[in-house]
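These notes concern the structure reproduced below.
Since every read-out is calculated from the coordinates, none of them should be taken as a lab result. Since we're looking at a predicted model, the values are computed, not measured. Cβ coordinates were reconstructed from backbone atoms using ideal geometry, including for glycine residues, and neighbour counts include every protein chain displayed.
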Amino acid sequence: MFISVLEIFKIGIGPSSSHTMGPMLAANQFLVKAKSFLEQNRTPINEQQLHITCTLKGSLSFTGKGHATDRAVVLGLNGYTAKGLANLDIDSLMQSLWCKANVSLEHWNIHFTPEKDIIFDQGDALPQHPNGLIFDLNIGGKKALSETYFSIGGGFINTLEEIDNIVAPLKFKQTSTCPYPFDSAKSMLRMSRDSQLSIAEMKLQNEQDYYRETELHAGVDAIWQAMKTCVEAGLQAEGILPGGLKVSRRAKNIYQKLSSSPSLVNVNDWLCAYAIAVNEENAAGHMVVTAPTNGAAGVIPAVLYYFVNHENGTQQQVRDFLLVASAIGGLIKHRSSISGAEVGCQGEVGSAAAMAAAGLCAVRGGTTLEIENAAEIALEHHLGMTCDPVKGLVQIPCIERNAFGAIKAYAAASLALLGDGSHFMPLDSCIAAMKQTGLEMSNKYKETSLGGLAVTLTEC
């Protein structure tokens with residue numbers, strides 16, 4: 001099993017990797033498919049007859065408006081990518097795109113009106129995955145081309161054919177040439193013991209099977225720079241977050257209070273400020289890094305930013321942190337899920353906390369056993385966590401939840417380092433428990449805003 005650090009961590013925009021970045025990518029891919037279809041169609045086509053629709057299913061239909069799925073589809077059908085939008089004024093761009101009545105595709109103008117042609121179907125979800133999108137290209141009122149996509153978390157997507165033909169809902173690269181193709185924590189521990197290499201060293205060698213070392217380092221450094229930029233932007237921003245809940249940004253005020261009395265501040269205070277800063281940026285639709293998702297984007301940057309700025313972490317330690325974190329994230333995605341719509345928030349903030357704990361433990365000198373223990377502790381204490389965002393927005397409880405995820409990650413790493421790596425519950429078993437808990441969790445608590453906090457708020 002191999003999934004790259006450059007795939008687990010992706011630079012994009014908020015508020016959601018599964019509901020924003022994934023649908024944007026799906027729309028992009030359908031645009032390419034439609035272009036190929038039209039070029040190969042030998043029958044003359046009157047472009048007045050061309051029409052695209054997008055039907056959102058499952059969680060995408062219930063919380064898509066709050067998660068900007070409709071905006072993502074519009075952006076994707078107009079050729080934009082999440083990474084390409086990171087430094088643009090998206091609100092201004094959307095104002096012009098939303099008013100258009102067509103999608104331009106080289107030789108064709110295809111009818112597409114967002115208000116009418118993005119359909120929020122709140123019937124039964126598709127059986128393969130709760131985040132489904134169906135794109136149709138119609139010619140003269142008849143369906144000529146259709147593709148179903150699934151946004152499976154972290155900005156990853158699958159087509160219907162792909163998801164029906166793989167064991168896990170993710171296309172992993174072949175590992176036949178990887179020197180250390182671990183697909184479980186158990187095999188990771190064994191390979192580390194036999195090779196006498198750290199997790200970071202094994203992960204680096206695996207990555208070099210696909211990337212040149214200079215290319216890999218540049219990519220990882222860019223990820224860290226984006227995380228750092230996001231933290232610092234959030235610490236300076238003020239105002240009300242969009243969406244209608246009228247949630248005020250707090251990170252700047254918190255940070256100013258901490259900075260004015262640093263002798264009275266502890267690690268938890270700083271972690272809260274940094275994590276909240278990132279997730280307020282995410283909620284605003286600004287640049288973030290999927291870590292491993294947007295809903296959990298604040299945990300890893302908060303822990304890593306603290307380590308660098310308060311514990312004098314080096315550039316090499318940042319690289320090792322992210323390599324180790326991605327190794328753990330890859331295991332969780334391979335053996336369970338990082339999608340809130342599939343397993344609840346335990347798969348988002350829980351996974352992020354496990355990854356952050358492992359990375360921090362590693363750069364503090366932890367052994368492979370201690371790193372695995374740190375990841376297990378952090379994940380174990382997120383089991384059963386629901387995803388129940390108020391009004392379908394990635395704000396309440398998501399922003400504060402990242403702060404507590406960062407605190408748990410820091411505590412898990414510290415606790416593991418106080419031991420010798422021996423522990424009762426293996427990480428693999430904890431990941432399996434998370435998957436089973438998610439399967440048994442009611443859909444009301446899996447990013448549909450039909451239960452929990454989302455429906456218990458009484459408005460006066």
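Quick notes on this structure:
- Cα lying deepest toward the dipole's positive end in the chain, options Q225, L393, V5, charges on Cβ: L393
- For segment 225-280 and segment 129-149, distance of Cα centres in Å: 41 Å
- Distance between modelled label sites at V32 and N102, nm, 7 Å Cα→Cβ extension: 2.5 nm
- Additional length obtainable on full extension of the chain from V265 to L418, 0.36 nm per residue less Cα span: 52.8 nm
- With both labels modelled 7 Å from their Cα along Cα-to-Cβ, the H217 to H310 distance reads 3.0 nm.
- For segment 119-131, Karplus couplings with θ = phi - 60° (6.51, -1.76, 1.60), whole Hz, Gly/Pro x: 9, 8, 8, 9, x, 5, 5, 5, x, 6, 6, x, 10
- Gyration tensor verdict on segment 185-456 (Cα atoms; rounded if a/c is under 1.5, prolate if a/b is larger than b/c, oblate otherwise): oblate
- Selected from A251, N268, I240, residue furthest toward positive end of dipole (segment 221-271; charges at beta carbon): I240
- In this structure, the amide hydrogen of T113, modeled 1.01 Å from its nitrogen in the peptide plane, lies closer than 5 angstrom to no residue at least 5 positions away or on a different chain.
- Label assignment, P(r) over Cα pairs in 20 Å bins from 0, in percent derived from the structure, set (1) 26, 56, 17, 1; (2) 22, 55, 22, 0; (3) 26, 60, 13, 0: (1)
- When the chain is described by a simple charge dipole with +1 on each Lys and Arg Cβ and -1 on each Asp and Glu Cβ, the residue from N102, V74, L457 located farthest towards its positive end is N102.
- Think of it as helices only: each DSSP H run of n ≥ 4 in the chain is worth -39500 (n - 2.57), and spread over all residues that comes to -15500 deg cm²/dmol at 222 nm.
- Highest-first packing order for the peptide set 340-351, 422-433 is 340-351, 422-433, based on the mean count of other beta carbon atoms within 10 Å.
- Relative contact order (%) - criterion: Cα under 8 Å, at least six apart; region: the chain: 19 percent
- Rounded if a/c under 1.5, otherwise prolate or oblate - segment 37-164, Cα gyration tensor axes: oblate
- Computed on segment 185-456, with alpha-carbon pairs under 8 angstrom and 6+ residues apart, the relative contact order is 20 percent.
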